[in-house]
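Contents: one structure, followed by commentary.
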Amino acid sequence: MMYALVDCDNCYVSCERVFNPALEGKAVVVLSNNDGCVVARSQEAKALGVPEGLPFFQLAERFPGKEIHAFSSNYTLYGDMSRRVMGILRESAPEMFVYSIDEAFLMFDESPYLKMDFKKWGEELAAKVRKWTGMPVSIGIARTKTLAKVASKFAKRYPAYKKCCFIQTEEQRQKALSLFPLEDLWGIGRRHAARLSALGVKTALDFTRIPAESVRCAMTVTGLRTWMELHGRDCIALDNLPRKQTICTSRSFPKMIASKEVLATPVAGFAARCAQKLRAQHSMAQFVTVFMSTNPFREDLDQMSVGRTVALPAPACSDPEIVHAAMMAMEACVKAATSYRFAVQQAELEASNIDELLLATREAAVIKQGEEDNSGIPLQWKRAGVIVSGIVPDSELQTNFLDIPPVLKQKLTKLSQVADAINRKHGDEVIQVAKALRSTDPETGKALTFRNSILHDRRSPFYTTDIRDIIEVK
């Protein structure tokens, strides 16, 4: 078997450049949701020293006088561009496995393709993708997936490879590994890299020279598989490629939220997104966690961070089941935060004089009344999120007599899958959970969608998915 790893170069930045060619050769960064921090950088931005995760508000301060173009994240555009690239790749090889939004493995059985000129094929495929979509890609080809990953890094770093690096001979393998830093190796975590570096293991070739038994003892079977792959032995099955063990969707709110009813809307949206991601990787989750926190920069307000987990009777991936569990967890968070805050106030009362005691008692009574009337929560929440964990394949469902009837569970899952199909065809969030519907947009009169409910002052148009944003040629 021969593997070709196709990797989109700086995927998010490249998507922005496709429709704005003036950005070529300039420092470009893409920001996280709510324009919080840098999540993607062009090579020019990396050369300036812009670190990943840098808060956006520090960008101008850290790099005064530098021209850096910043864009709000536009995942609808990025996902559609990825779909177009993957469509070309799917027609270019007998087998394909999509690994992430910007990476895919193409597989070739050696018997019919043994005499194929893989280097030429890779160069032509990279040129084809660039011509048809505008997206630059780098291709690494080798006999194992890990070596193909190594080769793709060389194809990306060195223009002389013409976007395709083919590790074919033993001499090429040894040379490539001798030049490849250990910390960049696929399958080697930061802790293992730091530990090995302290022992003098600096490159991938150094790692291959460690005895197999030592690797297995120190890094378990996962590290041993990486070691074997670097030796040219294909042993990582596609089903064993790293999959998400937890899925999280979270946001900071543009404005602080003090009402439990208002807070339920974004939390329901986060839960629905997590359920959608579960279905996309054919998985189900056993646990749903909701976490909430106040604004740590507002020292004049009470501070609180709380999280609660709800265990489902049986793993699930449908929107109704995941959202319902998230609402239960959010209710538990609100009650825990209110109880803790009330306890703190009581302790403060005991240390106050009589005048302060009477005033604080009246304030506490107002807070208690607000809780009983269900009119809101006293704390000002700035951030919330949903995590689903205990993830298992959707083929390994174990029924539970405490769960909803199997027929109903199957119907709910099927309903969510149909909604996914409609949204893929007609646009993001054409169909969504009613609980996640946001306030009305004054311009359109329609409920705000998930993607439009967050801060996105620097977001580019939806060039490929919204007819109103199609570029006009004059």
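When both the stretch 109-150 and the stretch 1-57 are represented by their alpha-carbon centers, they are found 23 Å apart.
Amide H contacts of T203: L182, each under 5 Å away and 5 or more positions distant or on a separate chain (H built 1.01 Å from N in the peptide plane; Pro and chain starts excluded). Residues whose amide H falls under 5 Å from that of V28, counting only those 5 or more places apart or on a different chain, are S42, E44, A45, H69, with hydrogens built in the peptide plane. Modelled spin labels at E95 and D394, positioned 7 Å past Cα toward Cβ, are 2.3 nm from each other. Across the stretch 92-98, rounded Karplus estimates of 3J(HN,Hα) from the backbone phi angles (6.51 cos²θ - 1.76 cosθ + 1.60, θ = phi - 60°) give 9, 8, x, 9, 8, 9, 7 Hz, Gly and Pro being marked x. Computed from backbone phi with θ = phi - 60° and the Karplus coefficients 6.51, -1.76 and 1.60, the 3J(HN,Hα) list for the stretch 289-300 is 10, 10, 10, 9, 8, 8, 7, x, 8, 9, 5, 7 Hz; x is used for glycine and proline. Remark: the R62-M256 segment gains 67.1 nm on full extension, using 0.36 nm per residue and subtracting the alpha carbon distance. Averaged over residues, the count of other Cβ atoms within 10 Å places the peptides 404-411, 27-34 in the sequence 27-34, 404-411, highest first. The packing ranking, built from the mean of other Cβ atoms within 10 Å per residue, places the peptides 72-78, 60-66 in the order 72-78, 60-66, highest first. Based on every Cα atom in the stretch 195-336, Rg and the maximum pairwise Cα distance Dmax equal 21.8, 60 Å. Sorted into 10 angstrom bins from 0, the C-alpha pair distances of the stretch 153-255 split as 13, 38, 30, 13, 5, 1 percent.
Take each peptide in 139-146, 102-109, count the other Cβ atoms within 10 Å of every residue, and average; sorted highest first, the result is 139-146, 102-109. With 29 Å as the limit on Cα-Cα distance, the pairs of K145/K425; K162/K474; K153/K425; K26/K474; K115/K277; K128/K414 that go past it are K145/K425; K162/K474; K153/K425; K115/K277; K128/K414. With all protein chains kept in place, the per residue accessible area of the stretch 121-233 amounts to 52 square angstrom at a probe of 1.4 angstrom. Along each principal axis, taking the top coordinate minus the bottom one, the Cα set of the stretch 21-103 gives 50, 26, 20 Å in descending order. Taking amide H positions as modeled 1.01 Å from N, with prolines and chain starts lacking one, the residues under 5 Å from E95 and 5 or more places away or on another chain are M107. Computed from phi, the 3J(HN,Hα) profile of the stretch 62-72 under the Karplus parametrisation 6.51, -1.76, 1.60 (θ = phi - 60°) reads 6, 10, x, x, 8, 8, 10, 8, 10, 10, 5 Hz, with x in place of Gly and Pro.
The values are calculated or read from the model by the stated rules, or taken from the named source; none is laboratory data. None of the values given here were measured: they were computed from a predicted structure. A quick note on method: Cβ atoms are made from the backbone with ideal geometry, for glycine too, and the neighbour counts reach across all protein chains shown. Side chains included, ligands, DNA and RNA excluded: accessible areas come from the protein's heavy atoms. Shrake-Rupley method; radii C 1.70, N 1.55, O 1.52, S 1.80 Å.
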